[in-house]
Amino acid sequence: MPPPITAVRHLKIWVSDLAASGAWYERVFGLVHETDFPEPDGTVLGSSFFFPGSRLRLAIRQDPDRARALRDADPFALALTRQELDHWIEHLGIEHLDALDIWHPPVIETPRGWVSGFRDPDGMQIRLYADK
């Protein structure tokens, strides 16, 4: 049996505008820009960011067609404890997201936990999830 996989290293999503989406993810989550990925001609179509205090990274790649395909999708959920989720939404999230003019629903209970979320600039759903 192979050794267990213990974490997710990075998430990769496609965006329609690299600069705008990179700035959005930095503002919303406080991500820190790590590196860019230039093409052979020097054009930068990809960037990597990390979540402070975590080993998780987010890679974004400019590809408007693929970004349109993710509209309304929710390909991943970010894990929090229930207290962290409440704190994010009630203390940081509401004021923070409202200041950024980002619509967000209240925390709702599901059979497996509690969830809230919002959409990125391309309309992809981002979920904040706390397990029961």
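Could you give the accessible area per residue of the range 32-132, probe 1.4 Å, as a whole number in Å²? Kindly include the intermediate steps, with their values, before the conclusion.
Numbers: 6190 Å² over 101 residues.
Heavy-atom accessible area per residue stands at 61 Å².
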*Starting from 0 in steps of 10 Å, tell me what percent of the Cα-Cα pairs of the range 42-96 lands in each bin.*
17, 35, 36, 12, 1
*Specify the angular offset, from 0 to 90 degrees and rounded to the nearest 10, of the alpha carbon long axis of helix 18-29 from the longest principal axis of the alpha carbons in the chain.*
30 degrees
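Given a 1.4 angstrom probe, I'd like the percentage of the accessible area of the chain that is carbon and sulfur, rounded to a whole number.
Numbers: 4500 of 8220 Å².
Roughly 55 percent of what the probe reaches on the chain is carbon or sulfur.
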_Just to be sure I understand: with springs between alpha-carbon atoms less than 10 Å apart, which residue in Leu80, Leu18, Leu70 has the highest mean-square fluctuation in the Gaussian network model of the chain?_
Leu80
*Which entry in (1) 2, 11, 21, 23, 19, 11, 7, 4, 2, 1, 0; (2) 2, 9, 18, 21, 21, 15, 8, 4, 2, 1, 0; (3) 2, 11, 24, 26, 21, 12, 3, 1, 0, 0 matches P(r) over Cα pairs in 5 Å bins from 0, in percent derived from the coordinates of this structure?*
(2)
_Accessible-area order (highest first, 1.4 angstrom probe) of the listed residues Trp88, Trp103_ = Trp103, Trp88
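The values are calculated or read from the model by the stated rules, or taken from the named source; none is laboratory data. Predicted model only: the values in this text are computed from it and were never measured. Each accessible area value is taken on the protein alone, full model and side chains, heavy atoms only, with ligands, DNA and RNA left out. Shrake-Rupley method; radii C 1.70, N 1.55, O 1.52, S 1.80 Å.
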